[in-house]
Amino acid sequence: MALRIAIMTDETGWHTRQLQAALRARGAVGRCVDLAACGIDTTASWHGLVIPGHGRELPDAVIVRGLAGGSFEQVTKRLGVLHALRELGVPVYNDARAIERSVDKSMTSLLLHAARIAAPATWATESPAQLRRIAMREMAAGHALVLKPLFGSQGKHLRLVGEVDGVRHPIPDIEPDYAGLAYLQRFVPPVSAPGFDWRVLVVGGRAVAAMRRVSAHWVHNMAQGARCEPARLQPGLTRLAEGAAQCLGMDYAGVDLIAAAHGPPIQVLEVNGVAAWQGLQRVTGFNIARAIVDDLLDRKMGAASRPPLAARRAR
């Protein structure tokens, strides 16, 4: 019987088609499931979860491809389903713990700091007065800051604070765009013109592909107009990207890194636990979806204890 893999996503498209094709090549079946449609019903089955398309059974494994935003309660329930699947013996790739660590940028920063992985200086505060003190102290030392939404992605709502290239950027109100929380990183000026950063994909603890994201704008996300160029996996990139993924407990991760003129020469900006790879796939001949599926089936599922789960299904 073919393995049944649930691809958790709030939207279907290129990435899910790539994963489904890679699963078919390994004799498995991938079904897209929206976490928002999953639920809890303790009267319906021995495990108490409702996973559309799987009836009273559980999937053999889960790939988390997308986690839609929502209210605190909605997101808590969706992550709770992923937590429950893991506790029930279903391999989840990446699991809820890893996603929580990467979605919350402040937790990512703390874990990188604890692991002594080079990253820009970081602050998180709910206090407007503390925000002003941090900004004034940094500006007095000649540094600018980047204000980011704690749960943001794709380079949206990033703002400079302080002086950059002779332009002074004021301290903003952290309501409502930032939900009353200032998450700040020290701005890392570009070392070249145009500027760039790197996206490194780590699968199963190993850096497998990299690209440069080049843009005249200081934000280098593809969604903000950056172009992708192939990049060599030099030792410094590999070491930092693999270390970042390891300290967050991630099966796969998109790690964003930047070159710095001062301090450590390469620093980790962000770690993405539900990383997109369409741009990276365009500039590498390496089959990324196949690498993810192979790692899930061969490493994560190979190490999983399958008989207890099969026994539970038989109840």
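The values are calculated or read from the model by the stated rules, or taken from the named source; none is laboratory data. Since the model is a prediction, treat every value here as computed from it, not as a measurement. Counting neighbours? That spans all protein chains shown, and the Cβs are built from the backbone with ideal geometry, glycine included. Ligands, DNA and RNA are stripped out before the accessible areas are found, and what is left, the full protein with its side chains, is counted by its heavy atoms. Shrake-Rupley method; radii C 1.70, N 1.55, O 1.52, S 1.80 Å.
Stokes-Einstein diffusion of the chain at 4 °C, 1.567 mPa s viscosity, Kirkwood radius from Cα pairs, rounded to a whole number: 62 µm²/s.
Taking a point 7 Å out from the Cα of GLN74 in the direction of its Cβ, the residues of segment 1-41 whose backbone N falls within less than 11 Å of it are 36-37. Among 180-190, 107-117, sorting by the average number of other beta carbon atoms lying within 10 angstrom of each residue, highest first, gives 180-190, 107-117. Segment 248-283 and segment 42-98 have Cα centres spaced 27 Å apart. Span-like helix criteria (full DSSP H runs; alpha carbon extent of at least 24 Å along the helix axis; mean Kyte-Doolittle hydropathy of at least -1.0) are satisfied in the chain by no helix.
Residues of segment 1-43: accessible area per residue at 1.4 Å, in Å²? Walk me through the numbers before you get to the answer.
Values: 2340 Å² over 43 residues.
Using a 1.4 Å probe on heavy atoms only, each residue of segment 1-43 averages 54 Å².
Share of pairwise Cα-Cα distances greater than 20 Å in segment 158-234 is 49 percent (whole percent).
Ignoring ligands, DNA and RNA, what percent of the accessible area of the chain is carbon or sulfur (1.4 Å)? Walk me through the numbers before you get to the answer.
Details: 7710 of 14810 Å².
Here carbon and sulfur together make up 52 percent of the probe-accessible area.
If you wrap segment 160-315's Cα atoms in a convex hull and average its projection over all directions, what's the area in nm²?
Numbers: hull surface 51.9 nm².
Orientation-averaged projected area of the Cα hull: 13.0 nm².
Close amide-amide hydrogen proximity is noted between ALA275 and GLY254, each under 5 Å apart and 5 or more residues distant or on a separate chain (H modeled in the peptide plane; Pro and chain starts excluded). 3J(HN,Hα) along segment 266-271: 10, 10, 7, 8, 8, 10 Hz, from the Karplus curve 6.51 cos²θ - 1.76 cosθ + 1.60 with θ = phi - 60°, whole Hz, x for Gly and Pro.
Site pair ASP177 and ASP298 shows an inter-label distance of 4.5 nm when each label is modelled 7 Å from Cα along Cα→Cβ. Spin-label model, LEU233 to THR43: label points 7 Å out along the Cα-to-beta-carbon direction sit 5.2 nm apart.
Where only protein heavy atoms count, and the probe is 1.4 Å, what is the accessible area per residue for segment 133-249 in Å²?
Numbers: 5800 Å² over 117 residues.
Per-residue accessible area for segment 133-249 comes out at 50 Å².
Once the other residues with Cβ under 15 Å from the Cβ of VAL268 are scored (Lys, Arg +1; Asp, Glu -1), what is the net sum? Local charge sum for VAL268: +4. Close amide-amide hydrogen proximity is noted between ALA144 and PHE187, each under 5 Å apart and 5 or more residues distant or on a separate chain (H modeled in the peptide plane; Pro and chain starts excluded).
Can you give the FRET efficiency to the nearest 0.05 for ASP165 and ARG17, using r as the Cβ-Cβ distance and R₀ = 35 Å? The computed FRET efficiency comes out at 0.25.
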